[in-house]
Amino acid sequence: MPLTIGRRGFLQGTAMAGTALALPYAAWAATPFTMQAAWINDAEFAGYFLGMDKGYYAEEGLDLTYLPGGPDVIPESTLIAGRADLALTTPDTTIRAITEQGAKFKIIGAQYQKNPIGVVSLKKNPINAPADLVGKTIAVPPVNIVTIEALLALNGIDKAQVQIVPYAYDPTPLVKGEIDASLDFTTNVPFTISQLGEEAHSFLLYDHGVTLYNDTVVVTEETLASKRKELLAWLRASRRGWIEALADPALYPPQWETTWFAGTGRSIENEVYFNTAQKPLIEAPGGIFSMTEEDIEKNIQALAAVGITGTREMFDTTLLSEI
Amino acid sequence: MANRRRFRHSPVLRNLLILLMVWEVAGQLKLVAGGALPPLSDIAIRFWQDRADYPGHVAATVWSSTLGFLIGNVLAIGAGVLFVLFPKVQRLARGVNIAVFALPAIAIAPILVLTLEGNAPRIVLAALGVYFVTMSATVVGLSQYDTRAADVIRAYGGGNWKVMRLVRLRGAVPDILGGLRIAAPNAVLGAILAEFGGGGRWGLGTYLLGSLGRGEPARLWGIGLMATLIAGLSYAVFALISARVLGSTRSVTLNTALPPDGADADAPLGLRVSLAVGAAVLPFVLWWAFIRLTGVPEMIARTPWGVVDYLFLADSSAVARAKLGAALLETLPITALGMVAGLGFAFLLAIASRMMPGFIRAFMPVALVTQTMPLVALTPLLVLMLGRGLSVTLWITISVTFFPAFVLLVQGIQRVPQSVLDLPRAYGASAWKELRMVSVPAALPYLFAATRLTVPRALLGVMIAEWLATGTGLGNLLNQSRGYLDYGMIWTVASVSVCLSVAFYYAVLAVERRTLTRLGMQVVE
């Protein structure tokens with residue numbers, strides 16, 4: 001290990017020295033900064049795409065590298081491994097990492113004030129509330145087991161009464177009636193279901209006690225201390241990007257058909273639907289990414305229901321107050 | 001001859017056409033799983049509509065798999081040469097070799113994504129897919145050389161190295177090419193699996209992931225068939241090269257003297273024991289070195305000691321052991337069943353290929369598709385047809401396991417000497433009787449070799465089914481642990497599944513050695 005760090009440090013040192021000699025002003029002007037997203041490129045990250053396209057990050061002095069996610073990518077791991085400065089995470093996993101793994105993370109903002117994850121069913125066989133899940137089969141991505149456990153616990157339902165099966169992100173079993181519901185982004189999958197000739201019905205977990213943020217903006221304590229200026233710059237540029245991306249949710253997704261959304265396998269109409277549906281979940285009176293004391297407390301309480309002990313110290317709102 | 005071949009081929013084409021037409025009709029009438037199996041025409045139309053998407057993804061997949069293929073093969077051929085020159089090194093590396101052969105890719109993919117960055121997980125998984133095949137082909141090729149040619153070199157004063165360079169390496173070319181042919185599709189599949197899990201924008205795996213949410217089976221089949229096509233082409237390229245090369249390297253007459261056996265059975269006991277211990281320890285040393293060299297922090301990357309600590313010493317170790325134990329209890333019985341089912345299916349097919357060659361030849365393309373089609377694309381079809389219980393697990397396990405076993409068994413049955421077959425025929429025995437009394441017993445070594453291939457893969461098959469359909473056992477525990485950010489458990493499941501696969505392999509090997517020695521037969525490598 002000392003060898004590796006030494007070599008990395010050496011390489012970085014030389015690289016910096018090289019750029020500093022050659023281009024002192026440019027190097028100073030654009031600081032490299034890497035963010036790890038939570039999933040593949042879709043409308044969930046529209047604000048960042050816009051910020052990069054319009055040069056908002058560059059204007060703030062950031063040279064932003066954007067890393068897309070995937071099923072095996074744990075955004076928190078990218079932070080721990082030092083491959084990104086900032087990551088978009090689910091708050092339950094992040095707080096679990098802090099309490100159980102001793103990871104030194106701080107949540108510095110929240111993209112979704114209300115988690116878009118919900119229980120999606122078909123209108124002809126609707127699941128209206130958690131109580132309706134009793135005796136039914138719900139497909140849940142294995143990584144989200146904690147979330148469904150929280151929903152059941154907070155609504156006094158015994159886990160044994162609900163059949164939970166793995167969800168492989170394909171809505172076909174739901175449409176064909178093989179399962180009764182799935183746990184998915186309500187901003188996304190209802191569109192696909194309508195394309196398949198069925199009407200979707202859904203409720204947000206948020207409205208049934210699981211009062212969590214999602215896509216929480218997470219950094220390590222070390223980054224928070226050493227890159228404060230860059231983090232402020234990232235928050236400012238990202239907020240600017242989001243405001244514009246949501247102003248007319250249908251405007252930008254079509255423009256990214258051949259850039260950000262090229263080859264994702266998803267349709268542009270789907271992204272427009274997504275961006276429109278997520279608008280009320282992202283916008284906040286205190287500005288995008290804001291975290292009110294009340295909401296932080298709600299997050300901590302919801303997590304307590306599944307035995308995850310969050311504290312106010314895990315959230316850092318000082319950056320938000322400065323932008 | 002040419003005439004006969006044409007005659008034999010036409011029923012195959014006919015059967016294949018019938019098969020495709022049945023598929024089309026079944027798809028059009030939504031006969032299978034309420035339309036979850038799309039008709040071929042829909043797949044073709046969808047493919048045409050998506051044609052702009054494919055080049056970028058195909059290029060990325062081909063690039064990663066080519067790099068992995070090159071790196072894996074350079075290592076494999078290098079290792080093969082080393083092993084043949086120094087049999088003790090081969091003994092020492094045995095544990096590593098078996099571990100690479102047996103490791104379940106889905107357990108390793110998350111580990112690679114955790115520890116490596118960018119394209120590296122894809123390349124490594126592709127390289128891991130090719131290493132064992134090429135390495136063993138190299139060893140076999142180098143071991144079976146023409147001793148007469150070597151004698152010529154020696155007579156002119158050449159040493160071991162000269163023999164290696166001028167005789168053995170040249171003689172091994174056909175075998176190595178045969179290995180590369182099988183290795184090439186493995187590289188493609190490894191790369192796609194890592195793309196599916198690992199972030200990044202391009203690659204068929206990534207495309208598949210984005211397309212899953214559309215609920216559009218025609219697209220998923222299109223991607224799957226594209227994967228099949230790339231894998232098939234990579235196979236064909238090396239098949240073609242080896243067909244070209246083969247002619248010049250075969251000796252014209254048959255050499256009856258076997259090459260000297262490299263095994264050092266007469267080595268002192270102390271040396272043999274220390275080599276065996278070294279072989280068992282080496283994989284763990286490499287694991288440890290890998291983590292130290294990548295420099296990933298201990299919190300997410302566990303060393304072997306870290307896993308031991310997690311399972312036995314840490315405060316939460318009792319909980320971890322309980323979770324792991326419960327998962328193993330769910331997984332192991334089904335794995336045993338899956339081994340039997342996979343092997344049984346392969347055996348039936350192999351017999352059928354003897355009794356009904358036309359049917360089997362028509363079935364082969366279907367079999368090939370099952371080997372290269374990403375199972376995640378078929379999940380809805382499978383759960384709609386088979387539910388989420390035992391039968392889906394068994395079918396997934398069969399589809400993951402049967403193919404290599406089938407190929408070996410067919411080889412075994414085909415290699416029964418003609419003179420032996422003539423005896424039952426002369427006495428007017430039926431084809432079944434001949435098969436039962438001669439071919440099958442004679443193919444016993446191949447049956448064992450097939451079992452060795454099947455057994456570690458059965459665990460992989462069951463874990464895939466658990467991950468995609470049933471939500472139980474080790475496969476599910478691995479995925480859930482990501483949600484819990486339980487890094488210790490991720491590493492534990494990965495290492496336990498590798499250790500189990502290796503243990504299965506050795507268990508079969510032990511039975512095989514004993515039985516074949518008793519029957520006076522040779523072990524097939």
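Values as computed for the structure displayed
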| read-out | value |
| --- | --- |
| Boolean, residue B:108 is open to solvent by 10 Å² or more (accessible area, probe 1.4 Å), more than 30 Å from residue B:161 (Cβ to Cβ), of a type in the set (Val, Ile, Thr) and within 14 Å of chain A (Cβ to nearest Cβ) | yes |
| Any hit, segment A:111-123, residues being of a type in the set (D, E, K, R) and farther than 26 Å from residue A:161 by Cβ | yes |
| Residue A:72, sole failed condition from (1) outside any loop (DSSP other than H, G, I, E, B); (2) open to solvent by 20 Å² or more (accessible area, probe 1.4 Å); (3) among the charged types (D, E, K, R) | (1) |
| When residues of segment B:142-157 are limited to those that are touching a Pro at 6+ places or on another chain (Cβ under 7 Å) and either open to solvent by less than 40 Å² (accessible area, probe 1.4 Å) or assigned to a loop (DSSP other than H, G, I, E, B) (or both), the one farthest from residue B:170 (Cα to Cα) | B:147 |
| Pairs with Cβ under 7 Å, 6+ apart, first in segment A:191-204 and within 10 Å of chain B (Cβ to nearest Cβ), second in a helix (DSSP H, G or I) and open to solvent by 50 Å² or more (accessible area, probe 1.4 Å) | A:191/A:273 |
| Flag if residue B:256 is open to solvent by 90 Å² or more (accessible area, probe 1.4 Å), modelled with pLDDT under 90 and hydroxyl-bearing (Ser, Thr, Tyr) | yes |
| Only one of A:114, A:106 that is in a strand (DSSP E or B), more than 14 Å from every other protein chain (Cβ to nearest Cβ), open to solvent by 10 Å² or more (accessible area, probe 1.4 Å) and out of contact with any His (no Cβ under 8 Å at 6 or more places or on another chain) | A:106 |
| Search result, residues across segment A:272-289 that are more than 13 Å from chain B (Cβ to nearest Cβ) and open to solvent by 50 Å² or more (accessible area, probe 1.4 Å) | A:276, A:279, A:280, A:283, A:285, A:286 |
| Filtered residue count, segment B:317-332, keeping only those that are among the small types (Gly, Ala, Ser) and in contact (Cβ under 8 Å) with a residue 40 or more places away in the chain | 2 |
| Count of residues meeting criterion [away from chain B (no Cβ under 14 Å), of a type outside the set (D, E, K, R) and more than 19 Å from the chain's Cα centre (by Cα)] in segment A:117-129 | 6 |
| Residue match in segment A:175-184 (condition: within 15 Å of residue A:45 (Cα to Cα) and of a type in the set (Val, Ile, Thr)) | no |
| Cβ pairs under 6 Å, 6+ apart, first in segment A:259-271 and more than 9 Å from chain B (Cβ to nearest Cβ), second open to solvent by 10 Å² or more (accessible area, probe 1.4 Å) | A:268/A:254; A:268/A:257 |
| When residues of segment B:292-315 are limited to those that are at the interface with chain A (Cβ under 9 Å from one of its Cβ atoms) and touching a residue at least 40 places away in the same chain (Cβ under 8 Å), the one most open to solvent (accessible area, probe 1.4 Å) | B:299 |
| Selection count, segment B:92-122, where residues are among the hydrophobic types (A, V, I, L, M, F, W, C) and within 17 Å of the chain's Cα centre (by Cα) | 12 |
| Residue selected from segment A:141-150 under the condition within 8 Å of chain B (Cβ to nearest Cβ) and aliphatic (A, V, I, L, M), by the criterion most open to solvent (accessible area, probe 1.4 Å) | A:143 |
| Segments classed as helices (runs of 4 or more DSSP H), wholly inside segment B:430-525, with at least 3 members that are open to solvent by 20 Å² or more (accessible area, probe 1.4 Å) and not hydrophobic (A, V, I, L, M, F, W, C) | B:444-465, B:473-483, B:487-519 |
| Options A:87, A:58, A:97; residue that is modelled with pLDDT of 90 or more and within 12 Å of chain B (Cβ to nearest Cβ) | A:87 |
| Filter pass, residue A:182 being modelled with pLDDT of 95 or more, open to solvent by less than 60 Å² (accessible area, probe 1.4 Å) and within 14 Å of chain B (Cβ to nearest Cβ) | yes |
| Complete set of residues in segment A:160-177 that are open to solvent by 20 Å² or more (accessible area, probe 1.4 Å), over 15 Å from residue B:472 (Cα atoms) and free of Cβ contacts under 8 Å to residues at least 12 places away in the same chain | A:176 |
| Evaluation of residue B:167 against (1) without any contact (Cβ under 8 Å) to a residue 40 or more places away in the chain; (2) open to solvent by less than 10 Å² (accessible area, probe 1.4 Å); (3) in contact with an Asp or Glu (Cβ under 8 Å, 6 or more places away or on another chain); (4) not aromatic (Phe, Trp, Tyr) (one fails), failing number | (2) |
| Residue among A:207, A:132, A:215 that is more than 14 Å from chain B (Cβ to nearest Cβ), part of a helix (DSSP H, G or I) and within 27 Å of residue A:76 (Cα to Cα) | A:207 |
| Pairs with Cβ under 6 Å, 6+ apart, first in segment A:230-252 and over 14 Å from residue A:282 (Cβ atoms) and touching a residue at least 12 places away in the same chain (Cβ under 8 Å), second of a type in the set (Asp, Glu) and crowded, with 20+ Cβ neighbours inside 10 Å | A:233/A:60; A:236/A:60; A:237/A:60 |
| Criterion: open to solvent by 60 Å² or more (accessible area, probe 1.4 Å) and within 22 Å of the chain's Cα centre (by Cα) - qualifying residue of B:82, B:70 | B:70 |
| Top-ranked residue in segment B:188-225 [being among the small types (Gly, Ala, Ser), at the interface with another protein chain (Cβ under 9 Å from one of its Cβ atoms) and under 13 Å from residue B:122 (Cα atoms); ranked as surrounded by the most Cβ atoms within 10 Å (Cβ to Cβ)] | B:194 |
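The values are calculated or read from the model by the stated rules, or taken from the named source; none is laboratory data. Model, not experiment: these values are computed from the prediction. Quick reminder, even Gly has a Cβ in these numbers, built from the backbone with ideal geometry, and neighbours come from all protein chains shown. Only protein heavy atoms, including side chains, enter the accessible area calculation; ligands, DNA and RNA are left aside. Shrake-Rupley method; radii C 1.70, N 1.55, O 1.52, S 1.80 Å.
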